[in-house]
C-alpha cells in the first residue's frame, strides 16, 4: 500500500515574479511562405499548423531580449538594480562572441551596474535548463533575483529547399524575473530532468559557424550555415523515448496528471505537439498551444507560452505547472514547479 503514496519531493526555491515578451513588427502569413516556397496556397499551414509568425525587420536579438526584460520588470514591482544576474537562454546567438546576455545588458541602457551576464544554450530546451539552474542558484543564495530571457531570430537561418522546416519558425523574445520566495511562500521547482540521446544529434543541425566548418573556409551561401532537419527521424526518436521519460519524471516528482493545472510544451510543430499529447494522454484543456500564431520560436516558445498562460489567467498562485520539450542533440527535458 505504501508504494501507491506519492513521494514527497523537496522544492527548490523559485518564484516567478513576472513575465514579459516582445514580438517583431512584421507578421508573416502562411500565404507569404507558400509564395516563397512555390507551393500551393494553404500548403504550409497544412504541413505545420501555423497560420502566421513574426520575422524581424531591423530588430536585433539583444534589443528584443532587452524589451522583454523591461516588460517583465514593469510588472515585477522591483527595480533593475535589484537584478543579480541576466541569463540569456537561447538556441541562436547574435554573434559568436561575446555572449548575447552581455549585449542585452548593454541594450537595456540602464545606469552602470556590473551584474554577471551569461548564456545557456540547450537549443529549444534552453529556457527549461536555465530555470532549473536558476532554482539551484537561488537555493544556495548565490543570487536572489535573476532575469532569464530567451530571444531568437530563427528566420535568418532557414533553408527554402526544406519546405516543412522553412515554414515552422518565427522570431521573438520572452523573459521572466525569478526570485527566492519568502518563507511563507510555497512556490518552487518540484522536479527537473533532462536526457540526451546523441544518436539523434544530426536530426536537427546547423553545421557551419563553429570551428569544424568555419566561415573563412566556406562560401557564405553554403547550406552548411542553414538549419537542416529530418522531421521523420525526430518524430520517431521522440515517440520512442518520451513515454518512459515522462512516466519516470512524474514518478520521481511525486506527481499525477491530476496534480498539474497546465502543461506547457515546446511549440515544435502542430503534428509533433499533437502526437506527444496523445502519446502521453494529456487532456487538451491542460495543454498550452500558441503555435498557430507564433510558429516554433526555438527556446522562446516555452517562456512565451508561459507568459500568455499567466496573462490569460490559466494558472494561479499555488498551482502546479510543467514545462516540457525536446531539443536538438537530441534531448528531452522537463521542469515541474509550483507557481
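What follows draws every value from the coordinates through simple rules; no lab data is involved. Just so it is clear, the structure is predicted and the values come from calculations on it, not from any experiment. Please note: Cβ atoms are built from the backbone with ideal geometry, for glycine as well, and neighbour counts cover all protein chains shown.
Ordered from longest to shortest, the equivalent ellipsoid semi-axes for the range 187-338 are 31, 17, 14 Å, each the square root of 5 times a Cα gyration tensor eigenvalue. Fully extending the segment from residue 240 to residue 113, taken as 0.36 nm per residue of separation minus the present Cα-Cα distance, adds 41.0 nm. Working ranking of peptides 31-42, 262-273 by packing, defined as the average number of other Cβ atoms within 10 Å per residue, highest first, is 262-273, 31-42. The label point for residue 140 and the one for residue 106, both projected 7 Å from the Cα toward the Cβ, are 2.9 nm apart. Taking the chain as a Gaussian network of alpha-carbon nodes connected by springs under 10 Å, the highest mean-square fluctuation of the residues 181, 303, 111 belongs to 111. With Cα atoms as the point set, the range 12-179 shows a radius of gyration and Dmax of 17.4, 56 Å.
For the chain, what relative contact order do you get, as a whole percent, if you take Cα pairs closer than 8 Å and at least 6 residues apart? Present the calculation step by step, with values, prior to reporting the outcome.
Numbers: 750 pairs, mean separation 84.9, N = 339.
Relative contact order of the chain: 25 percent.
Averaging Cα coordinates gives a centre for the range 98-155 and one for the range 15-53; these two points are 26 Å apart. Pairs of Cα atoms nearer than 8 Å and 6+ residues apart set the relative contact order; for the range 199-339 it is 26 percent.
Test of understanding: what is the full-extension gain from residue 51 to residue 185, defined as 0.36 nm times their sequence separation minus their Cα-Cα distance? All intermediate terms of the calculation are to be shown ahead of the outcome.
On the way: separation 134, 0.36 × 134 = 48.24 nm, distance 4.05 nm.
This chain segment gains 44.2 nm when fully extended.
Using a simple spin-label model with pseudo-atoms 7 Å out from Cα toward Cβ, residue 316 and residue 29 lie 4.0 nm apart.
Highest mean first, what order results for 76-89, 321-334 on Cβ atoms within 10 Å? Could the numbers behind the result be given before it?
Details: 76-89: 19.5, 321-334: 24.3.
Per-residue Cβ counts within 10 Å, averaged per peptide and sorted highest first, yield 321-334, 76-89.
For the range 12-179, the relative contact order works out to 36 percent when only alpha carbon pairs closer than 8 Å and six or more residues apart are counted.
In the chain, the DSSP-assigned H stretches of four residues or longer account for a calculated mean residue ellipticity at 222 nm of -9000 deg cm²/dmol, using -39500 (n - 2.57) per stretch and the full residue count as denominator. Applying 1/(1 + (r/R0)^6) with r as the Cβ-Cβ distance of residue 292 and residue 96 and R0 = 35 angstrom yields a FRET efficiency of 0.55.
Computed with the Debye formula from one identical point scatterer per Cα of the range 200-264, without solvent, the log10 of I(q)/I(0) at q = 0.12, 0.14, 0.20 Å⁻¹ comes to -0.55, -0.64, -0.83.
For the chain, report the convex hull volume of the alpha-carbon atoms normalised per residue, in Å³, without decimals.
Values: hull volume 47.8 nm³, N = 339.
Once divided by residue count, the hull of the chain is 141 Å³.
Counting only Cα atoms, the range 296-339 measures 34, 19, 9 Å along its principal axes, largest extent leading. With the convex hull of the Cα atoms taken as the outline of the range 98-168, the averaged projected area works out to 6.3 nm².
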